[in-house]
Amino acid sequence: MSGVTFDTIIRNGRWFDGTGAPSAVRTIGIRDGHVAAVTADGLDEAGCPQVIDAEGKWVLPGMIDIHTHYDVEVLGGPELAESLRHGVTTVLLGSCSLSTVYLGAVDAGDIFGRVEAIPREHVIRAVDEHKTWSNGKEYIDALEARALGPNVAAFIGHSDMRAAVMGLDRATRADERPSRDEQRRMEGMLREALRAGFVGMSSQQLLFDKLDGEVCRSRTLPSTYAKAGELRRLKSLLRRSGRVLQSGPDIQNPFNLVSQALQSLGGVRNPLKTSLLSAADVKSNPYAIKMMGPVARLINRLGGNFRWQHLPVPFEVYADGIDLVVFEEFGAGAAALHLRDEVERNELLRDEAYRRGFRKDYESRFGMRVWHRDFFDAEIVACPDQSVVGKSFGEVGRDRGGVHPVDAFLDLVLEHGRSLRWRTTISNHRPEVLRALAVDPGVQMGFSDAGAHLRNMAFYNMGLRLLRHVRDAERAGAPFMTVEQAVHRLTGELADWYRIDAGHLRLGDRADIAIVDPERLDETLDGYAEESVEQYGGLSRMVNRNPATVTAVLVGGQTVVLDGEPTPIVGHRRTGRFLRAAHKAPAPAAQEGVLADVG
């Protein structure tokens, strides 16, 4: 095709359009931030400032991360390069009832600090320094005034609205209810956010997420105190607008979990699009996962619109000492994490009555829980005492003369504090179950928690790891889904469900693109790495590093990753935008000879 100029040409890559349709080797021409040509023939490269040779590579729509906690990081570090470098070009903020649309700085610190393991003082500073908005529209404008790296879409958080209207103290008291005026104000906040383009509202009923700070410390999130009437009125706004409720059930209350699924049903009213946390093959209950797929299929067959969120990789977590959010789910763990002062905490850990309670919690096998509570399945990876590195706490207890695993753990925490680093896999450990979940229509690929739990986990490259699983199964002669289907699940399927302008790579679509080398979908995806976060005082966080796998990433036609590394424009020029729900940006007018045959 001659006589037509492009800003970028991607030559001879295997093109996936995000719909699940068969892939094909194609050359793509990009102009004005959109896909202007897809052709089996060559394009005239004269005058084109950037030509990327993608022979042997996969050219995908940029991946979508539907569950992040970047709400604080995006304020001072809007490039969000940790997601970009793994082929993610769209992220959703505002998960788990948490957002920064209405919260003041101190309340944001109390809500985000402990729940998401983001240092409270840095949350307070970021919100205090950057907040200029007072509603959803102004929040969107403020984000788009920043040098956004990826595209951003957002939920508005129920806890955000509730705390702003009632005050954090009243919003986290079981004997307090919003007044009629406060209820109307919350509904007005939600209505305004939906008009501005938010994808929906997130709520949370899970009871082991605890607040930081002093006044409300160790109370659960504000949304957990909401009664049925309050929730019903907010959900009715979502039903009428066709927007999404993201929610987390109280897993210790089976009735709450069932009711959360049933709420998706319509009948005489619109179905409530519901994305529920989460479909996980937890070690603590290997049978629970067997119910999740049938529940989703039944709800959807009856007219609902229900999905489970799912992390499509083993859920491996790390911890420094006793600082791990899953300890919040049982009494002894929550009691230790309640104490901020290290001296007080250490006194508690030495107390024999406390240890008896911890051992009782550890040995209890009743009720739903996230952590499997097996210290033989917990490997020490770093410690000043090198003799214990590579061992489990159970093995250390045996080596020390038959000490109970709980006591071996607490003794090492007392000896070494946060210098004791250990890991365990909580869920998604069985490859055959991961394969079944990957093809289940009631499951969405998501739940990375990017931007949170900075010292505990890193799932920024979860999409790449799913692609590797699919590719390896194909090569082994035991395919469970095609690469095209996997790409669709990570891109177009999510974009269509959340109704955002992303996830596709067809003529006229925005040029949000990831170029992946399938030969480098290898063991580097599992490697451990850390990197400091400047805006969090140089805190070292867990990240993923596989620069040879994603060779280039474009957002809106601008190259943000090349040869596996962020380009100089990242953090200095806005490449992403806020994606408003149910809004399709108009494609540039096609010029004669540009729209090529894709067959």
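The values are calculated or read from the model by the stated rules, or taken from the named source; none is laboratory data. Quantities reported herein were computed from a predicted structural model and do not represent experimental measurements. Cβ atoms come from the backbone with ideal geometry, glycine included; neighbour counts cover every protein chain shown. Accessible surface areas use protein heavy atoms only, side chains included; no ligands, DNA or RNA. Shrake-Rupley method; radii C 1.70, N 1.55, O 1.52, S 1.80 Å.
Some points to look at:
- Close Cβ contacts (under 9 Å, 6 or more residues apart or on different chains) running from residues in the stretch 23-47 that are free of Cβ contacts under 8 Å to residues at least 60 places away in the same chain to residues that are open to solvent by 60 Å² or more (accessible area, probe 1.4 Å) and hydroxyl-bearing (Ser, Thr, Tyr) comprise LEU43/SER2; ASP44/SER2; ASP44/THR5; ALA46/SER2; ALA46/THR5; GLY47/THR5.
- Filtered residues of the stretch 24-70 (kept if over 12 Å from ILE9 (Cα atoms), over 27 Å from the mean Cα position of the chain (by Cα) and not aliphatic (A, V, I, L, M)): ASP32, ASP41, GLU55, GLY56
- Single residue of GLU316, GLU379, GLU328, GLU344 found to be over 26 Å from LEU525 (Cβ atoms) and either surrounded by fewer than 18 Cβ atoms within 10 Å (Cβ to Cβ) or modelled with pLDDT of 95 or more (or both): GLU344
- Candidates ALA335, ALA353: the one that is among the hydrophobic types (A, V, I, L, M, F, W, C), open to solvent by 50 Å² or more (accessible area, probe 1.4 Å) and without any contact (Cβ under 8 Å) to a residue 24 or more places away in the chain is ALA353.
- Any hit, the stretch 459-471, residues being under 24 Å from ALA581 (Cβ atoms) and open to solvent by less than 20 Å² (accessible area, probe 1.4 Å): yes
- Annotation for the stretch 137-155: at least one member residue is surrounded by 24 or more Cβ atoms within 10 Å (Cβ to Cβ), part of a strand (DSSP E or B) and either over 23 Å from the mean Cα position of the chain (by Cα) or small (Gly, Ala, Ser) (or both).
- Residues in the stretch 528-544 that are at pLDDT 95 or above and assigned to a loop (DSSP other than H, G, I, E, B) were compared, and the one that is nearest to GLU474 (Cα to Cα) is ASN544.
- Per-region count, the stretch 483-498, residues open to solvent by less than 20 Å² (accessible area, probe 1.4 Å) and more than 17 Å from ASN151 (Cβ to Cβ): 4
- Selected residue (only one of ILE52, ILE28, ILE9 is surrounded by 14 or more Cβ atoms within 10 Å (Cβ to Cβ), in a strand (DSSP E or B) and touching a Cys at 6+ places or on another chain (Cβ under 7 Å)): ILE9
- SER264 falls short on exactly one of the conditions (1) out of contact with any helix residue (DSSP H, G or I) (no Cβ under 9 Å at 6 or more places or on another chain); (2) part of a loop (DSSP other than H, G, I, E, B), and that condition is (1).
- Scanning the stretch 545-555 for residues that are part of a strand (DSSP E or B) and either without any contact (Cβ under 8 Å) to a residue 60 or more places away in the chain or of a type in the set (A, V, I, L, M) (or both) turns up VAL550, ALA552, VAL553, LEU554, VAL555.
- Of the residues in the stretch 475-482, at least one is out of contact with any strand residue (DSSP E or B) (no Cβ under 9 Å at 6 or more places or on another chain), without any contact (Cβ under 8 Å) to a residue 24 or more places away in the chain, basic (Lys, Arg) and not in a loop (DSSP other than H, G, I, E, B).
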